[in-house]
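The values are calculated or read from the model by the stated rules, or taken from the named source; none is laboratory data. Just so you know, these numbers come straight off a predicted model, no measurement behind them. Note: ideal-geometry Cβ built from the backbone for every residue, glycine included; neighbour counts use all protein chains shown. Note: areas computed on protein heavy atoms with side chains; ligands, DNA, RNA excluded. Shrake-Rupley method; radii C 1.70, N 1.55, O 1.52, S 1.80 Å.
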Amino acid sequence: MVRHLTPRPDPLLCAALAADLDAADLRSEPLRAAWGAEADDALARGIRSPLLRAIADRTDALATLGRLFVLGMPQPEADVASALARTGVDGVEELGLAYREDGQVVPAALIRPQSFVDADGVGEWWIASDLDELALHHLDADGVLPADHVLGVGGASRTLASIVMPIEVERALDLGTGCGIQALLVSRHAGTVVATDISERALAYAELNAMLAGVHNIEFRRGSLFEPVADESFGLIVSNPPFVITPRGAGVPEYEYRDGGLVGDALVEAFVRTAPAHLAPGGSAQLLGNWESIGSALGLRRLESWIDQGLDAWVVQRETLSPLGYAELWIRDGGTTPRDAAFEPLLDAWLDDFAARGVTEIGFGYVLIRRPADAAATSPVLRRFETVTQPVTSAGRAFLDGLAGHDALADGVPDVLLVAPDVTEARHHMPGQDAPSVIELRQGGGFGRTVSVDPALAGFVGACDGELTVTQIAAALADLFEVPLAELWADLEPRLRALVTDGFLNTAEERTRNNA
């Protein structure tokens, strides 16, 4: 029987463990070199035997700790004692990360290196979390995750990290911190961070991970949603909340890391309705979420109705799933497959729940809410609810640039606009014709948008190199196309505004900030 332990963070032992992991060079690149790139890629697909073959004859610290904490395999006590010269086997037992059994050290947690890239550069932390399905299967467990399972850095964690805007704030909140990865990332650009979770085990892991990283500006609090921070405000709130829509009923397991305990998408609704009260003036909240389409009420429209009309709101729906597709995804996520007897009853429970509430589709995506910096301001707010299915890169920067562009347009189109560095132009010609039939502007980063433009707008964008003002460019185009300036501007102005908020055109201030 695998022991399900709760970590016991201790500053001195964590410092010793970090020193041992560092001495063993337990990092992404050395591990990848040790067992090979192809085997390393196979681990992400749940295959570990190629890794084991590659280091089968090695008993050095990197190989021992790689098997113990990266793969979740018991190791001989003598080898572990040698690899953890400072911490010792007693130390990892005291931390709740492993235990002795029959002359071996059995892992109770995984510790994996996690690389990151942000505005300050590249770095890597060790992130501890509960044993995953692969490790549990090989420890003779059934592979089904415990209800209080603490997930490591998964796909959703990486997605949220990629969409958070790179801004400096005095205070930040990571709501539903899990293993603590978002709090660690935000701590690099915040004076202080409050990290909350309903799970005691998650907070224990998050605190231990902060100690391993040597990060000291995070405060950990237990509680649901915004209860631990009543009457407090923040410049940035981030959350990968337990947004999974799970039927409430007997026999349906609930996982603290993903299930919020509410019916349908009520948890996301509660977040977006409550978060603005905890935002400082000019502060932003960003989260991942699911939302349901119920009958003829589309999910994006329902979500829009939850967000106060006086707030900036930008929601990007990335994908939608049918009730069947959604149910299968999350039943498998809990470790139950169609081969298991429990699969069909769980599938029926999900489908019955969706049918009873008239759910036709479930959307997933990114939510950004911003409180105006000046409550008395009369400038129009940004209200953008869209579906983006193409590949997205640097979404956090794209959100930041889009908000900056929206703000810059409050007093009209700025005098100087610069074409963004990642924008290219494509012209399509019919055979035998000199004039293009289609002209497109394409983004190489951000939301990867493609916009069809006419020759006048293409010419305008092409001239946005900082040499001429917007007025000068418009006047030159009016002469070129032999149309009245007022008529040309009336046609161009709304489309220029869209290009600014979409990030095709930058203000001089944006360019300076991005190059800093």
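Overview of results
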{"item": "Relative frequency of Cα-Cα separations exceeding 18 Å in segment 75-171, percent", "result": "60"}
{"item": "Helix 323-333 vs. the chain, principal-axis angle (Cα, 0 to 90°, nearest 10)", "result": "40"}
{"item": "P(r), alpha carbons of segment 291-400 - 5 Å bins starting at zero, rounded %", "result": "2, 10, 17, 16, 15, 13, 11, 7, 4, 2, 1, 0"}
{"item": "Kirkwood estimate for segment 208-320, i.e. one over the average of 1/r between Cα atoms, Å", "result": "16.0"}
{"item": "Difference of contour (0.36 nm per residue) and Cα-Cα distance, Asp231 to Ala508", "result": "95.9 nm"}
{"item": "Helix axis angle, 485-501 relative to the chain longest principal axis, alpha carbon, degrees", "result": "0"}
{"item": "Label-to-label distance, nm, for residues given as Glu482 and Glu101 (7 Å Cα→Cβ offset)", "result": "8.7"}
{"item": "Carbon + sulfur, % of accessible area of segment 422-508 - ligands and nucleic acids excluded, 1.4 Å", "result": "55"}
{"item": "Estimated FRET transfer efficiency when R0 is 56 angstrom, pair Gln433-Ala19 (beta carbons, to 0.05)", "result": "0.20"}
{"item": "Cα convex hull volume per residue for segment 153-217 (Å³)", "result": "75"}
{"item": "Cα gyration tensor shape for segment 268-347, rounded if a/c is under 1.5, else prolate or oblate", "result": "prolate"}
{"item": "For segment 32-181: relative contact order, % (alpha-carbon pairs under 8 angstrom, 6 or more apart)", "result": "14"}
{"item": "Acute angle (nearest 10 degrees) that the helix 11-23 long axis makes with the longest principal axis of the chain, alpha-carbon atoms", "result": "80"}
{"item": "Diffusion coefficient, µm² s⁻¹, Stokes-Einstein with Kirkwood Rh over alpha-carbon pairs of the chain at 10 °C and 1.306 mPa s", "result": "62"}
{"item": "Residues with amide H under 5 Å from that of Gly282, placed H, sequence gap 5 or more", "result": "Arg371, Ala373"}
{"item": "Kirkwood-type radius of segment 337-408, with distances r between different C-alpha atoms, in Å", "result": "16.8"}
{"item": "Extended-chain gain in nm, criterion 0.36 nm per residue less alpha-carbon gap, Glu124 and Arg248", "result": "40.7 nm"}
{"item": "Range of Cα positions in segment 450-516 per principal axis (Å), largest first", "result": "41, 25, 16"}
